[in-house]
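Enquirer: One structure is given below, represented as structure tokens, and several questions about it will come after.
The values are calculated or read from the model by the stated rules, or taken from the named source; none is laboratory data. Nothing here was measured: the structure is a model prediction, and the numbers come from that model. Cβ atoms come from the backbone with ideal geometry, glycine included; neighbour counts cover every protein chain shown. Calculation scope for accessible area: heavy atoms of the full protein, side chains included, ligands and nucleic acids excluded. Shrake-Rupley method; radii C 1.70, N 1.55, O 1.52, S 1.80 Å.
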Amino acid sequence: MSFSLHGIGVSSGIAIGYAHITSSARVEVPQYMLDRQYIDEELARFDAAILTTREELETLRLHIPAHAPAELSAFLDMHLMFLGDSTIAEEPKRLISETQCNAEWALAQQMEALVARFEEIEDPYLRSRQDDVVQVVQRVLKVLLGHPSHLPLDVNFDEERILVAHELSPADMILFKSVRFAAFITDLGGTTSHTAILARSMAIPSVMALHNARGLIRDHDLLIVDGRDGVVIVNPDESALAEYRLRQNQWRIDTEKLKRIKSSKSATLDGTPIALMANIELLSDLDAVKAAGAQGIGLFRSEFMFLNRSDLPSEDEQYEFYKTVTESLDGKPVTIRTLDLGADKQAPWGHSVADNPALGLRAIRLCLAEPGLFQTQLRAILRASHHGRVNILIPMLASFIELRQTLQHIDTAKASLRKDGLKFDEGIAVGGMIEIPAAALSAPFFAEQLDFLSIGTNDLIQYTLAIDRADDSVAHLYDPLHPAVLNLIQHTIRAGAKAGKPVSVCGEMAGDPQLTRLLLGLGLRTFSMQAASLLQVKQQVLKAQLEELAPLTQRLLKNTDPDKTAQLLGRLNS
Ligand code: PEP
Ligand code: MG
């Protein structure tokens, strides 16, 4: 039966392929009693599941992407170690034999007992290791239940496959970078969640917030995914297939055509130069940065190097990583954002997750609370600055004290490098992200104290409108065109202009071609976005006449009628 599902299109493009169901949610486990004669068979089934899981983990280790953090294998080693431990590999067998229960139930019981024991541990780091136990047990359960592996990295698809998941974390997405899926669709997630941002960086069509796709779609159903309109058609009929094949073709032709403007100078019709920079997360993004002709990296989300591992990268490892990026940019600027861990990017070590993680110990707050961690990163970034044009960007600044402490940390790192005789750029520029309303309202102060500002609209919208950017149930309220948001952006741009300091936008608004003229009208001259969007934005820049934009932009800033907003934006873009 053919039916369609509607969600939020988070990464444009059209894909047609077969569903590949996966899940990162806790598996539901059935319970039943076995006749005594089947116990040996059940024990063998359990042993076989442990063996299959071991093979899966070992395959995963073999398929770690070339540019993934080296310690990813240590993370998998730890899971293999848990799997080999008698509490997981042997104890459930005792339960099966003694109580005649099924293998899944025995394992799930054992997991609950282990988790309860971990809960009693006082040390937060050790306590958080219970998550690893749960993940390992879930893998075994999925094998027992006949589910495919959660991360099918060993699969060599001979047909287009579309990953269907309840939820994907940014850490999962990094691993999926090495598997060629034609599209991603998930039940949960919002358009500016980091998972969605990663999907865009991979230029793979994606639809999120489908609510129950995971329940309604069966493995190997044929799917059409329209990542622009947020539509998924399950088991389409011939006419729908023909229609979407045409659209897919047109999309490919349009994307090819755009490449023609790659080397044209980025300026508006009246000759005002507009800097178009790229956002990156991993080394593997660099090819796309070059292919799009970006003028530099406006946002390097350094925290992605800290995910999917159980330890911290050393100063040398970070230095090598930043140096590789810096050198590959051939003298173009690289803006390295210091760690923005917390919220939806939890490292598997350190602090426990708070009830409101987006308002908790995140980004610069976490770094100031962990001076050792911060110093290590600052030293690594400073050392990399010797090899090209590096800027430091501080995420989530809100208070003046934080800024003062941060600048002191940078001075300390510089002094320690001088003492060690290590070279760095003495004049390295330090900028701040404006992503909290308090910071936007205090932009004149931050502009005066810093070398540049970068507006993180993803968080600025989240914190201004009190909308969790990763929560699909409030995604319809997440509104970049809310006059409060636009006024904060304009206020920040003006504060930068007054202080003579450059201001960029590096949130997802910068990569939305529908908003390019609006941002130009607000006075923005530097955009930083996923490389995949850069040429579409450039196309808008090349067609824009700056003096025509101001009056309509100012009307949008004052407008409170949502119908009129769409109308005004339409006129601005026509
Ligand atoms: C932002 O908040 O707009 C931003 C660019 O940072 P991130 O998306 O990584 O939070
Ligand atoms: Mg942010």
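Enquirer: Could you list, in sequence order, all residues of region 287-318 that are open to solvent by less than 30 Å² (accessible area, probe 1.4 Å) and touching a strand residue (DSSP E or B) at 6+ places or on another chain (Cβ under 7 Å)?
Expert: Passing the criteria: 289, 292, 294, 296, 297, 298, 299, 300, 301, 302, 303, 307.
Enquirer: What's the number of the only condition in (1) out of contact with any helix residue (DSSP H, G or I) (no Cβ under 7 Å at 6 or more places or on another chain); (2) more than 16 Å from ligand 1 (Cβ to nearest atom) that residue 506 fails to meet?
Expert: (2)
Enquirer: All but one of (1) modelled with pLDDT under 95; (2) within 17 Å of the chain's Cα centre (by Cα) hold for residue 460; state the number of the condition that does not hold.
Expert: (1)
Enquirer: Quick check on this structure: which one of 228, 214, 200 is among the basic types (Lys, Arg) and out of contact with any helix residue (DSSP H, G or I) (no Cβ under 9 Å at 6 or more places or on another chain)? Walk me through how you get there before you give the answer.
Expert: Working: 228 fails: out of contact with any helix residue (DSSP H, G or I) (no Cβ under 9 Å at 6 or more places or on another chain); 200 fails: out of contact with any helix residue (DSSP H, G or I) (no Cβ under 9 Å at 6 or more places or on another chain).
Only one candidate qualifies: 214.
Enquirer: Within region 357-364, does at least one residue satisfy the condition of being surrounded by fewer than 18 Cβ atoms within 10 Å (Cβ to Cβ), at pLDDT below 95, within 16 Å of ligand 2 (Cβ to nearest atom) and not in a helix (DSSP H, G or I)?
Expert: Yes; the residues of region 357-364 include at least one that is surrounded by fewer than 18 Cβ atoms within 10 Å (Cβ to Cβ), at pLDDT below 95, within 16 Å of ligand 2 (Cβ to nearest atom) and not in a helix (DSSP H, G or I).
Enquirer: Counting just the residues of region 260-289 that are without any contact (Cβ under 8 Å) to a residue 24 or more places away in the chain and not small (Gly, Ala, Ser), which one comes out nearest to residue 526 (Cα to Cα)? Outline the logic, then answer.
Expert: Initially, region 260-289 is screened for residues without any contact (Cβ under 8 Å) to a residue 24 or more places away in the chain, giving 260, 265, 271, 287.
So of that shortlist, the ones also not small (Gly, Ala, Ser) come out as 260, 265, 287.
Values: 260: 22, 265: 14, 287: 21 Å.
Going through the qualifying residues, I end up with 265.
Enquirer: Let me ask something additional. Is at least one residue of region 396-405 surrounded by fewer than 15 Cβ atoms within 10 Å (Cβ to Cβ) and either within 16 Å of ligand 2 (Cβ to nearest atom) or hydroxyl-bearing (Ser, Thr, Tyr) (or both)? If you could, list the steps in order and put the result at the bottom.
Expert: Filtering region 396-405 for residues surrounded by fewer than 15 Cβ atoms within 10 Å (Cβ to Cβ) gives 399-401, 404.
Next, only the ones that are either within 16 Å of ligand 2 (Cβ to nearest atom) or hydroxyl-bearing (Ser, Thr, Tyr) (or both) stay: 399.
There is at least one residue in region 396-405 that is surrounded by fewer than 15 Cβ atoms within 10 Å (Cβ to Cβ) and either within 16 Å of ligand 2 (Cβ to nearest atom) or hydroxyl-bearing (Ser, Thr, Tyr) (or both).
Enquirer: Can you tell me which residue within region 382-395, out of those that are outside any helix (DSSP H, G or I) and more than 20 Å from residue 459 (Cα to Cα), is nearest to ligand 2 (Cβ to nearest atom)?
Expert: Applying the first criterion (outside any helix (DSSP H, G or I)) to region 382-395 yields 388-395.
Narrowing further to those that are more than 20 Å from residue 459 (Cα to Cα): 388-391.
Working: 388: 24, 389: 23, 390: 20, 391: 17 Å.
Residue satisfying both the conditions and the ranking: 391.
Enquirer: So, in region 438-479, exactly how many residues are closer than 18 Å to residue 298 by Cβ, more than 13 Å from ligand 2 (Cβ to nearest atom) and in a loop (DSSP other than H, G, I, E, B)?
Expert: Total satisfying the criteria: 2.
Enquirer: Examine region 412-435 for a residue that is within 16 Å of ligand 2 (Cβ to nearest atom), part of a loop (DSSP other than H, G, I, E, B) and open to solvent by less than 10 Å² (accessible area, probe 1.4 Å), and state whether such a residue exists.
Expert: Checking region 412-435: at least one residue is within 16 Å of ligand 2 (Cβ to nearest atom), part of a loop (DSSP other than H, G, I, E, B) and open to solvent by less than 10 Å² (accessible area, probe 1.4 Å).
Enquirer: Among the candidates 122, 104, 55, 42, which residue alone is of a type in the set (Asp, Glu) and part of a loop (DSSP other than H, G, I, E, B)? Working first, answer last.
Expert: Values: 104 fails: part of a loop (DSSP other than H, G, I, E, B); 55 fails: part of a loop (DSSP other than H, G, I, E, B); 42 fails: part of a loop (DSSP other than H, G, I, E, B).
The conditions single out 122.
Enquirer: With the condition kept exactly as written, say whether any residue in region 537-553 is part of a strand (DSSP E or B) and of a type outside the set (Gly, Ala, Ser). Spell out how you get there, then give the answer.
Expert: In the first step, residues of region 537-553 are kept if they are part of a strand (DSSP E or B); the result is none.
For region 537-553, residues part of a strand (DSSP E or B) and of a type outside the set (Gly, Ala, Ser): absent.
Enquirer: Which condition number does residue 321 fail, the rest of (1) among the hydrophobic types (A, V, I, L, M, F, W, C); (2) open to solvent by 20 Å² or more (accessible area, probe 1.4 Å); (3) modelled with pLDDT under 95 being met?
Expert: (3)
Enquirer: Which of the residues spanning region 515-536 are part of a helix (DSSP H, G or I), touching a Leu at 6+ places or on another chain (Cβ under 7 Å) and closer than 21 Å to residue 289 by Cβ? Steps first, please.
Expert: Restricting attention to region 515-536, the residues satisfying the condition of being part of a helix (DSSP H, G or I) are 515-521, 531-536.
Checking the rest, the ones that are also touching a Leu at 6+ places or on another chain (Cβ under 7 Å) come to 517-518, 520-521, 534-536.
Result: 534, 535, 536.
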